[in-house]
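The values are calculated or read from the model by the stated rules, or taken from the named source; none is laboratory data. Just so you know, these numbers come straight off a predicted model, no measurement behind them. Cβ placement follows ideal geometry from the backbone for every residue including glycine, while neighbour counts extend to all protein chains displayed.
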Amino acid sequence: MEAAPLYAGKAKSLYPTDDPDQLLMVYRDDATAGNGAKHARLAGKGELNAAISAVAFGWLEAEGIPTHFLGRVDPVTHRVQALRMLPVEVVVRNRLAGSLASRLGQPEGMALPEPVVEFYYKDDALGDPMVLGEHLVALGKMDLDQVGRVRASALAVNRILAARLGRAGLELVDFKLEYGLSRGGELLVGDEISPDTARLWDRATGERLDKDRFRRDLGELVPAYREVLDRLERDHATL
Ligand code: TMP
């Protein structure tokens, strides 16, 4: 990719296309943790995340959940719909882990009786605090109807992903989604769905096959992501 990106995030860059309603999303090999305190380039990560994310968006589309994903352009690039992003990260949790385990003072791993949906307000100066949907309404960032629709969509995404990943022997512990509005005002799942943004544990052994390997120095990351993709492709082949 030669041109300057429109936007470069921590692990992906966005480039314009000839069509103002479409963008190219390039998955890079960068890995960051601790708000950028830790950084590495892990050869092959971008390609694996692009492939895994494409599979996940395909599942959602097949089940009638609209997403920004239009197709793969090359191994690291997705063609996506241009969205006006909502300034919120939506986390869905099926088991206690990460920041919720810390917040509640409990060990990781306990299955939650019901999935938990959390909203985080994307604001660097504030450090992306967890907020209520009503707080986002108060700030004028979303209306109450959108809060309800995002929550319902995130729970539907969770059901689909947990079922498909489960068939591949992967436990969907938690994950993060981002949403945006198309030019026509349709609410779409955006960003990525990958082991960078989801906790995936081997159902048989509990081994972590996600970015916690990098965050917590648990072992090599790229072979684990390759294992995730291999399992998804194997599962697909048996459909
Ligand atoms: P947490 O336990 O650190 O709050 O993370 C919950 C899930 O959300 C986990 O699967 C990782 C994902 N996540 C992101 O993708 N980006 C983020 O900035 C954060 C904080 C979490």
Please identify the pairs in which a residue from the range 115-133 that is within 15 Å of Asn35 (Cα to Cα) has its Cβ atom under 6 Å from the Cβ atom of a residue that is basic (Lys, Arg) and within 11 Å of the ligand (Cβ to nearest atom), counting only partners at least 6 apart or on another chain. Asp128/Lys122
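In the range 99-121, which residue that is near the ligand (Cβ under 9 Å from one of its atoms) and surrounded by fewer than 16 Cβ atoms within 10 Å (Cβ to Cβ) is farthest from Glu171 (Cα to Cα)? It would help to see each step written out before you state the result.
Quick first cut of the range 99-121, residues near the ligand (Cβ under 9 Å from one of its atoms) only: 99-103, 118, 120.
Okay, now just the ones that are also surrounded by fewer than 16 Cβ atoms within 10 Å (Cβ to Cβ), so 99, 102-103.
On the way: Ser99: 18, Ser102: 20, Arg103: 22 Å.
Selected residue: Arg103.
Tally time: how many residues in the range 27-59 are part of a loop (DSSP other than H, G, I, E, B), modelled with pLDDT of 95 or more and more than 14 Å from Asp74 (Cα to Cα)?
Taking the range 27-59 and keeping what is part of a loop (DSSP other than H, G, I, E, B), we get 28-29, 34-37, 42-44.
After this cut, where a residue has to be modelled with pLDDT of 95 or more as well, the list is 28-29, 42-44.
After this cut, where a residue has to be more than 14 Å from Asp74 (Cα to Cα) as well, the list is 29, 42-43.
Summing the residues that are part of a loop (DSSP other than H, G, I, E, B), modelled with pLDDT of 95 or more and more than 14 Å from Asp74 (Cα to Cα) in the range 27-59 gives 3.
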Which condition breaks for Val76 when tested against (1) closer than 24 Å to Met142 by Cα; (2) among the hydrophobic types (A, V, I, L, M, F, W, C); (3) buried (at least 20 other Cβ atoms within 10 Å of the Cβ); (4) more than 16 Å from the ligand (Cβ to nearest atom)? (1)
Looking at the range 6-26 only, could you name the residues that are more than 14 Å from Glu192 (Cβ to Cβ), in a loop (DSSP other than H, G, I, E, B) and under 21 Å from the mean Cα position of the chain (by Cα)? Leu6
